[in-house]
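> Could you have a look at this structure, given as structure tokens, before my questions?
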Amino acid sequence: MLTFVARQFGNPRGVLGRLVGRGMARSNADFSRWTVLQLEHHLKQPPRRIVEIGPGPGVGLEEMLRRFPQANVWGIDHSREMLAQSRQRNRSTAEAGRLSLVHGDISALRELAPVDLVAANHVLYFWRDAEQVVTTLRACLGSEGSVALGYQLRHDMPRLAQQQFPRAGFRLYDSEAEVEALLHAAGFVGITHLVKESAGRVEGRLSLAATPPTS
């Protein structure tokens, strides 16, 4: 049963998936907003075409739309339940045409290329072939585009996630160096790691990287 619940985090669906999404909105909201704030501070120029992979209940999309008011934003998720929650949270911007929600996997990103920024919070664990996914992200970014990966390392995760995520077939990471190796192998440069802490507890990490400029 615990492994079944863990699988819901990779693809929430049904009644349980709806509850998982609501839980994500509560537990991950501060981290999602913090990651967008870091992007606002660290990017050289505001992105105009932004894609979030696995936006979940849409908190990160909401913050992207608020902090980058000139941008068009897409959310790609293979969970219809998460797309529904994202739409509900961001109904006005979706109806205005600034936000588009796409049902699909990472391959849907190719239809939107080139983009300026790809963000993905707490989905790194669910990529079965992370090397191939990160290579695809790199290929879909324009010159000097950026990628932002938000995640927790294994030792900072709740014990239940440490135990059940690997049983569900998910991949956990033990160090920032492992994430950096993924980015470096795909051709990203300028890799930076940031940590969100509160009361001595690590709430999450963000790895930023860029595509090299064209000559």
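The values are calculated or read from the model by the stated rules, or taken from the named source; none is laboratory data. Fair warning: this is a prediction, and the values are worked out from it, not measured in the lab. FYI the Cβ positions are ideal-geometry reconstructions off the backbone, even for glycines, and counts take in every protein chain you see. In case anyone asks, the SASA skips ligands and DNA or RNA and just uses the protein heavy atoms, side chains included. Shrake-Rupley method; radii C 1.70, N 1.55, O 1.52, S 1.80 Å.
> If I filter segment 59-111 down to residues being open to solvent by 20 Å² or more (accessible area, probe 1.4 Å) and of a type in the set (S, T, N, Q), which single residue comes out as nearest to Cys140 (Cα to Cα)?
Ser107
> Here's a follow-up. Starting from residues that are in a helix (DSSP H, G or I) and at pLDDT 95 or above, keep the ones in segment 157-177 and report whichever is surrounded by the most Cβ atoms within 10 Å (Cβ to Cβ).
This residue is Glu176.
> Evaluate segment 146-153: report whether one residue or more is in contact (Cβ under 8 Å) with a residue 40 or more places away in the chain, in contact with a Phe, Trp or Tyr (Cβ under 6 Å, 6 or more places away or on another chain) and not basic (Lys, Arg).
Checked segment 146-153: at least one residue is in contact (Cβ under 8 Å) with a residue 40 or more places away in the chain, in contact with a Phe, Trp or Tyr (Cβ under 6 Å, 6 or more places away or on another chain) and not basic (Lys, Arg).
> Of everything in segment 197-215, what is more than 15 Å from the chain's Cα centre (by Cα) and within 23 Å of Pro47 (Cα to Cα)? Give them in sequence order.
Ala210, Thr211, Pro212, Pro213, Thr214, Ser215
> Okay, moving on. Could you check how many residues of segment 190-215 are free of Cβ contacts under 8 Å to residues at least 12 places away in the same chain and more than 19 Å from Trp34 (Cα to Cα)?
Residues that pass the stated criteria total 1.
> Of these, Gly187, Gly142, which one is surrounded by fewer than 20 Cβ atoms within 10 Å (Cβ to Cβ), touching a residue at least 60 places away in the same chain (Cβ under 8 Å), touching a Pro at 6+ places or on another chain (Cβ under 8 Å) and not in a helix (DSSP H, G or I)?
Numbers: Gly187 fails: touching a residue at least 60 places away in the same chain (Cβ under 8 Å).
Result of the check over Gly187, Gly142: Gly142.
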